[in-house]
Amino acid sequence: MNYTHEVEILLVEDNPTDAELTQRALKKNHLANRVVTVADGEEALNFLFARGAYTERIVGQGPQVILLDLKLPKVDGLEVLRAIKSDSRTRMTPVVVLTSSKEEKDIIESYQLGVNSYIVKPVNFDNFIEAVKHIGLYWLLLNQSPR
């Protein structure tokens, strides 16, 4: 896959069921043309900073939005968020935390690190589909990016 200009959404999710549900919700709402899914924080950082298998990418060109789980193997979501928001090439990329964590400390730290939105995953499938639909519609169609 050519990652230079076409990635609209980077989905960082280690739970295969949640990743599949998110992808299905995006497809159902015609928002999944260009989605890359990675299963851990290390792979997310490799993708974003053009390392490892993603060396052909140009850092700073896409994705339009990152959907980021917090509880990830290898590198946790808060570290991924910290790296994104501390690098001038990726700082402006909107990051939506989409997680099952309702812990106040996770919410506070996410906002302190510069997250654009923090959403707790609904347990109910229909509510989950609706939440992903609204995330996609807002961040891909309504939000005005400074790029």
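Key figures for this structure:
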{"quantity": "Some residue of the range 78-89 being modelled with pLDDT under 95, crowded, with 16+ Cβ neighbours inside 10 Å and on the phi < 0 side of the Ramachandran plot", "calculated": "no"}
{"quantity": "Residue match in the range 51-66 (condition: surrounded by 17 or more Cβ atoms within 10 Å (Cβ to Cβ), in contact with a Gly (Cβ under 9 Å, 6 or more places away or on another chain) and in contact (Cβ under 8 Å) with a residue 60 or more places away in the chain)", "calculated": "yes"}
{"quantity": "Residue selected from the range 14-31 under the condition farther than 20 Å from residue 100 by Cα and in contact (Cβ under 8 Å) with a residue 60 or more places away in the chain, by the criterion surrounded by the fewest Cβ atoms within 10 Å (Cβ to Cβ)", "calculated": "28"}
{"quantity": "Test: residue in the range 77-85 that is touching a residue at least 60 places away in the same chain (Cβ under 8 Å) and among the small types (Gly, Ala, Ser)", "calculated": "yes"}
{"quantity": "Condition check for residue 58: among the β-branched types (Val, Ile, Thr) and modelled with pLDDT of 95 or more", "calculated": "no"}
{"quantity": "Single unsatisfied condition, residue 29 versus (1) within 20 Å of residue 88 (Cβ to Cβ); (2) modelled with pLDDT under 85; (3) not β-branched (Val, Ile, Thr)", "calculated": "(1)"}
{"quantity": "Lone qualifier among 97, 12 - being modelled with pLDDT of 90 or more and touching a Phe, Trp or Tyr at 6+ places or on another chain (Cβ under 6 Å)", "calculated": "97"}
{"quantity": "Cβ pairs under 7 Å, 6+ apart, first in the range 110-121 and among the basic types (Lys, Arg), second at pLDDT 95 or above and part of a loop (DSSP other than H, G, I, E, B)", "calculated": "none"}
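The values are calculated or read from the model by the stated rules, or taken from the named source; none is laboratory data. Predicted, not measured: the structure shown is a model, and the values here were computed from it. Neighbour counts are summed over all protein chains in view; Cβ atoms, including those assigned to glycine, are modelled from backbone coordinates with ideal geometry.
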